[in-house]
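The values are calculated or read from the model by the stated rules, or taken from the named source; none is laboratory data. Keep in mind that this is a model prediction, so the values were computed, not measured. Glycine also receives a Cβ, built like all others from the backbone with ideal geometry; neighbour counts cover every protein chain displayed.
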Amino acid sequence: MRTNLQLVLRVRPEGRVSLDHFEVREQPIAPLSDGQVLIETLYLSIDPTNRIWMSDRPQYMPPVAIGEVMRGLGLGQVIESRHPDYQPGDLVSGLLGWQQLALWEASSLRPLQKLPRHLDVPLTAFLGTLGLTGGLTAYFGMMSIGQPKPGDTVLVSAAAGSVGSLAGQLAKRAGSRVIGIAGSADKCQYVTEELGFDACINYAQENVAAALDRICPEGISVLFENVGGEQLEAALHRLRIFARVVLCGLISSYNDVELSGPRNFDMLLHRRATLQGFIVSDFASRFPEALAELVPLVRSGALKYRQHIVQGLTHAPAAVNMLFDGKNHGKLLLQVAASVER
Ligand SMILES: NC(=O)c1ccc[n+]([C@@H]2O[C@H](COP(=O)([O-])OP(=O)(O)OC[C@H]3O[C@@H](n4cnc5c(N)ncnc54)[C@H](OP(=O)(O)O)[C@@H]3O)[C@@H](O)[C@H]2O)c1
């Protein structure tokens, strides 16, 4: 009989996450019944939303319950199947959870996506540039909500990260002037020199409000917001009339117990701006359209991206903290399987 290793939420973190908030559980896997598929987790996507799911604040999905395997988006390989649509060796993605083996039931509401094998792209791209919390979020947030065009000035926060780096490149391709915000000189250099943004503000070195006055005195037409807090306030203050604000994330508050701000919400009124929050799954029916655009860009190298891979399931909580410390360089992944062939 196979044994599964799982990280089960034991207590809700306040602030930073640690392995102490989880029970590391070994669980025997019973023989499969009809309709079940057993998947080996190859990689997990480490996402800021993992931290949201650990809390019990009101959110877009139910919080992970105490005693439940931690929710996580992953990419895996079918190793046993009693479902006619899945064969051993199939590559799949879905909410596999923080565990080495995921037992999926045909009756489950959790969708399981079969990955196409014929596309000539690295496997890990399906969690990053072509993945839910990478390219698809950037694509729908920027192209459907932000709608950048020539003459627009687009501001993207967390610009060196998974979503921000792609959102900014898409706005550049649409002919806009694109400014990023990131937390180090290295990241800003990457954003301008490799990703092709027009400018990048290093918020660790320079006051964002002052930098915006210097770099875009004409104001911001599209704000792609990933961070919140003071950066959001500085940007709201500098919106152009009829600006669009794409509310993708507010990472600066996910570790907070008490939420605050923005204090200048009134700027949306004064600038007659539109703000729209979104969750990438809202666009599920249009994923094929996005992939049809993104795959050739990834294949040709026109869309640049970095991946940062951490090893070992029990390092998942520490990996989540890396996102909040800005220690990730590009899409953060956790390799769960000891070795991955493809
Ligand atoms: N709406 C959706 O469907 C959806 C889907 C996926 C992601 N998101 C959101 O998109 C945002 C980016 O997610 P991602 O997965 O692409 O992560 P990421 O940008 O690859 O990593 C997070 C980055 O955020 C920055 N950061 C962390 N704490 C910060 C703070 N207090 N102030 C300023 N910057 C901070 C860090 O970059 P620096 O080193 O530059 O500080 C860090 O590297 C998050 O807000 C996430 O919740 C939304």
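Look through Val11, Val17, Val24 and report the one residue that is in contact with a strand residue (DSSP E or B) (Cβ under 7 Å, 6 or more places away or on another chain) and hydrophobic (A, V, I, L, M, F, W, C).
Working: Val11 fails: in contact with a strand residue (DSSP E or B) (Cβ under 7 Å, 6 or more places away or on another chain); Val17 fails: in contact with a strand residue (DSSP E or B) (Cβ under 7 Å, 6 or more places away or on another chain).
Exactly one of Val11, Val17, Val24 is in contact with a strand residue (DSSP E or B) (Cβ under 7 Å, 6 or more places away or on another chain) and hydrophobic (A, V, I, L, M, F, W, C), namely Val24.
Applying the set (1) small (Gly, Ala, Ser); (2) farther than 30 Å from Ala171 by Cα; (3) part of a strand (DSSP E or B) to Ser107 leaves exactly one unmet item: (3). Leu9 meets the stated requirement of being at pLDDT 95 or above, crowded, with 21+ Cβ neighbours inside 10 Å, within 22 Å of the chain's Cα centre (by Cα) and away from the ligand (no atom under 16 Å from the Cβ).
Residues in region 149-171 that are more than 14 Å from the chain's Cα centre (by Cα) and more than 13 Å from Gly196 (Cβ to Cβ): Lys149, Pro150, Gly151, Asp152, Thr153, Leu155.
Quick one: which residue in Gly183, Gly161, Gly175 is in the same structural domain as Glu225 (by TED's automatic domain parsing), away from the ligand (no atom under 14 Å from the Cβ) and small (Gly, Ala, Ser)?
Residue meeting the stated conditions: Gly175.
Counting only helices (runs of 4 or more DSSP H) that fall entirely inside region 252-341 and contain at least 3 residues that are touching a residue at least 12 places away in the same chain (Cβ under 8 Å), the qualifying elements are 287-300, 316-325.
Residues to consider are Ala235, Ala199, Ala211; find the one that is more than 8 Å from the ligand (Cβ to nearest atom), touching a residue at least 40 places away in the same chain (Cβ under 8 Å), in contact with a strand residue (DSSP E or B) (Cβ under 9 Å, 6 or more places away or on another chain) and assigned by TED's automatic domain parsing to the domain that holds Met142. Even if it seems obvious, please write down each step before you answer.
On the way: Ala199 fails: touching a residue at least 40 places away in the same chain (Cβ under 8 Å); Ala211 fails: touching a residue at least 40 places away in the same chain (Cβ under 8 Å).
Matching residue, one of Ala235, Ala199, Ala211: Ala235.
Restricting the search to region 72-99, which residues are within 19 Å of Gly249 (Cβ to Cβ) and surrounded by fewer than 20 Cβ atoms within 10 Å (Cβ to Cβ)?
Step one: filter region 72-99 for residues within 19 Å of Gly249 (Cβ to Cβ), giving 72-73, 95.
Hit for region 72-99 is Leu95, nothing else.
Could you tell me whether any residue of region 256-275 is among the small types (Gly, Ala, Ser) and either in contact with a strand residue (DSSP E or B) (Cβ under 7 Å, 6 or more places away or on another chain) or not assigned by TED's automatic domain parsing to the domain that holds Gly141 (or both)? So far as region 256-275 goes, yes, one or more of its residues are among the small types (Gly, Ala, Ser) and either in contact with a strand residue (DSSP E or B) (Cβ under 7 Å, 6 or more places away or on another chain) or not assigned by TED's automatic domain parsing to the domain that holds Gly141 (or both). For region 285-342, taking the residues that are hydrophobic (A, V, I, L, M, F, W, C) and exposed (fewer than 13 other Cβ atoms within 10 Å of the Cβ), the one that is farthest from Arg16 (Cα to Cα) is identified as Ala292.
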